[in-house]
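Right, one structure below, let's go through it.
The values are calculated or read from the model by the stated rules, or taken from the named source; none is laboratory data. Keep in mind that what you see is a predicted model, and the values were worked out from it rather than measured. Note: ideal-geometry Cβ built from the backbone for every residue, glycine included; neighbour counts use all protein chains shown.
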Amino acid sequence: MRVELARAWPRRHELRAVELPEGATVADALRAAGWSTGVEGAVAVFGVVADAATVLHEGDRVELLRPLVVDPREARRRRAGGRMR
């Protein structure tokens with residue numbers, strides 16, 4: 001089965017497709033792509049949080065999610081500045 005992996009950094013991203021046997025897991029996909037299985041942050045399959053033991057299906061997209069640097073609510077407050085009342 002074919003699975004796509006994606007990871008991103010500010011202003012850059014990487015996509016990689018791998019062929020895996022039926023019943024392969026997220027950990028198998030990461031190994032096949034040559035990416036570390038000790039992921040910082042989280043892993044998702046099509047945006048749904050997953051773990052290394054999650055079984056994949058044909059056409060799945062595994063996404064490596066970076067840890068948040070700033071709480072999203074705090075980031076909105078900073079962008080809004082003094083406009084929020």
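Residues that are touching a helix residue (DSSP H, G or I) at 6+ places or on another chain (Cβ under 7 Å) and over 22 Å from Val69 (Cα atoms) were ranked within region 20-52; the one that is surrounded by the most Cβ atoms within 10 Å (Cβ to Cβ) is Leu20. Any idea which residue in region 1-19 is farthest from the chain's Cα centre (by Cα), counting only those that are closer than 26 Å to Val69 by Cβ and of a type in the set (Gly, Ala, Ser)? Going through the qualifying residues, I end up with Ala8.
Figure legend. Inter-residue proximity from region 60-85: first residues basic (Lys, Arg), second residues in a loop (DSSP other than H, G, I, E, B) and modelled with pLDDT of 75 or more, beta-carbon distance below 8 Å, spacing 6+ or different chains. Indicated pairs: Arg61/Phe46; Arg78/Val70. When every residue of region 4-13 is checked against the conditions, none turns out to be free of Cβ contacts under 8 Å to residues at least 12 places away in the same chain and part of a helix (DSSP H, G or I).
Selection of region 2-19 for residues being in contact with a helix residue (DSSP H, G or I) (Cβ under 8 Å, 6 or more places away or on another chain) and surrounded by 18 or more Cβ atoms within 10 Å (Cβ to Cβ) yields Val3, Leu5, Val18. Only a single criterion out of (1) over 15 Å from the mean Cα position of the chain (by Cα); (2) surrounded by 14 or more Cβ atoms within 10 Å (Cβ to Cβ); (3) of a type in the set (Asp, Glu) is not satisfied by Glu58, namely (2).
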